[in-house]
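Below is one structure, written out as structure tokens; comments come after it.
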Amino acid sequence: MPSVLLPCVSRSTFLRGLSSAAALATAVLLPALVMPAVSSAADTSTDDQVQLFDGKSLDGWNGDEKWFRVQDGAIIAGSASEKIPANQFLCTNKTYRDFELTVDAKLVGQGSNAGVQFRTKRIPNDTEVIGYQADIGFMPNGTCWGALYDESRRRKFLAESPEVAMKAVRRGQWNTLKIIARGDRIQIFLNGVQTVDYTEQDPEIERDGVIALQVHSGPPLEVHYRNIKLREL
């Protein structure tokens, strides 16, 4: 076989050629290697928080519309001019067990008591409900904002931090309650400050129920509720 003459190539030129070829191969393959990872990350990014109030209607809720209405993107409970004869509650149609719930609320008027119920149920033939309440309001010696009350059951505060809450609350303004209920443990935060960390010891107490917004009986009072968001845990 006749010999074939190859051009003479220096070692450095040969290595540079290999480097260029490797770079070209990497440029061609890189999109194929990177794109699936980006797509996968995007697919797993989900927002599991839901709005319980659409800002326009009481869809998904049930209660006496004499005492609950929607105005300016908020649920208004109670009356600014009329005495409230009995506790009233606006309840979700759906029940919840373990969750993180946030609600903005403020009090307007002479009255000073309301609350956000959870793991709650209605009492038949009554305006009342039975279950846990994240309390809203003021008392002669302080505040019950952010306290944990047991409505119509043990009828007492289960946990509270009145001095902490008094520093955190904004009187006459919007305040944000966050409730975390997971198993036996209940935590409540007022404007980002923790006021309750409670563990239920009674196995007979129900661990699920509806969410409900309260206006307390008494002098004329409007309770404004908005930004009602829940994430199930």
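Assess whether Arg185 counts as being more than 15 Å from Thr143 (Cβ to Cβ), modelled with pLDDT of 95 or more, open to solvent by less than 60 Å² (accessible area, probe 1.4 Å) and of a type in the set (Lys, Arg). Here the answer is no, as Arg185 does not meet what is asked. Looking at region 172-194, can you tell me whether even one residue there is without any contact (Cβ under 8 Å) to a residue 24 or more places away in the chain, outside any strand (DSSP E or B) and touching a helix residue (DSSP H, G or I) at 6+ places or on another chain (Cβ under 6 Å)? Checked against the condition, which is being without any contact (Cβ under 8 Å) to a residue 24 or more places away in the chain, outside any strand (DSSP E or B) and touching a helix residue (DSSP H, G or I) at 6+ places or on another chain (Cβ under 6 Å), region 172-194 yields at least one hit.
Inspect all residues belonging to region 208-216 and state whether any of them is surrounded by fewer than 15 Cβ atoms within 10 Å (Cβ to Cβ) and not polar (S, T, N, Q). No, there is no match, as no residue in region 208-216 is surrounded by fewer than 15 Cβ atoms within 10 Å (Cβ to Cβ) and not polar (S, T, N, Q).
Only one of these is over 23 Å from Asp64 (Cα atoms) and buried (at least 19 other Cβ atoms within 10 Å of the Cβ): Gly142, Gly131, Gly146. Name it. Full working, then the answer.
Working: Gly142 fails: buried (at least 19 other Cβ atoms within 10 Å of the Cβ); Gly131 fails: over 23 Å from Asp64 (Cα atoms).
Of the residues listed, the single one that is over 23 Å from Asp64 (Cα atoms) and buried (at least 19 other Cβ atoms within 10 Å of the Cβ) is Gly146.
Looking at Val223, is it farther than 21 Å from Asn62 by Cβ and either among the polar types (S, T, N, Q) or buried (at least 17 other Cβ atoms within 10 Å of the Cβ) (or both)? No.
One residue is enough: does region 71-82 have a residue meeting the conditions at positive phi and either at pLDDT below 95 or surrounded by 13 or more Cβ atoms within 10 Å (Cβ to Cβ) (or both)? Walk me through how you get there before you give the answer.
Taking region 71-82 and keeping what is at positive phi, we get 72-73, 78.
Filter once more, keeping what is either at pLDDT below 95 or surrounded by 13 or more Cβ atoms within 10 Å (Cβ to Cβ) (or both): 78.
Yes, some residue in region 71-82 is at positive phi and either at pLDDT below 95 or surrounded by 13 or more Cβ atoms within 10 Å (Cβ to Cβ) (or both).
Restricting Arg154, Arg231 to those that are in a loop (DSSP other than H, G, I, E, B) and either at pLDDT 95 or above or exposed (fewer than 15 other Cβ atoms within 10 Å of the Cβ) (or both) reduces the list to Arg154.
Quick one: would you say Arg171 is more than 27 Å from Arg69 (Cβ to Cβ) and among the basic types (Lys, Arg)?
Working: more than 27 Å from Arg69 (Cβ to Cβ): no; among the basic types (Lys, Arg): yes.
The answer is no for Arg171.
Filtering region 109-125 to residues that are in a strand (DSSP E or B) and open to solvent by 10 Å² or more (accessible area, probe 1.4 Å) leaves Gly109, Asn113, Lys121, Arg122. Scanning region 126-150 for residues that are in contact with a Leu (Cβ under 8 Å, 6 or more places away or on another chain) and part of a loop (DSSP other than H, G, I, E, B) yields Trp145, Gly146.
Within region 79-99, is there a residue that is among the charged types (D, E, K, R), assigned to a strand (DSSP E or B) and touching a strand residue (DSSP E or B) at 6+ places or on another chain (Cβ under 8 Å)? Checking region 79-99: at least one residue is among the charged types (D, E, K, R), assigned to a strand (DSSP E or B) and touching a strand residue (DSSP E or B) at 6+ places or on another chain (Cβ under 8 Å).
Output yes when any residue across region 95-106 is without any contact (Cβ under 8 Å) to a residue 24 or more places away in the chain and open to solvent by 50 Å² or more (accessible area, probe 1.4 Å), and no when none is. Step through it out loud before you land on a result.
The first filter runs over region 95-106 and keeps only residues without any contact (Cβ under 8 Å) to a residue 24 or more places away in the chain, leaving none.
Scanning region 95-106 turns up no residue that is without any contact (Cβ under 8 Å) to a residue 24 or more places away in the chain and open to solvent by 50 Å² or more (accessible area, probe 1.4 Å).
The values are calculated or read from the model by the stated rules, or taken from the named source; none is laboratory data. Computed from a predicted model, the values in this text were never measured in an experiment. Counting neighbours? That spans all protein chains shown, and the Cβs are built from the backbone with ideal geometry, glycine included. Only protein heavy atoms, including side chains, enter the accessible area calculation; ligands, DNA and RNA are left aside. Shrake-Rupley method; radii C 1.70, N 1.55, O 1.52, S 1.80 Å.
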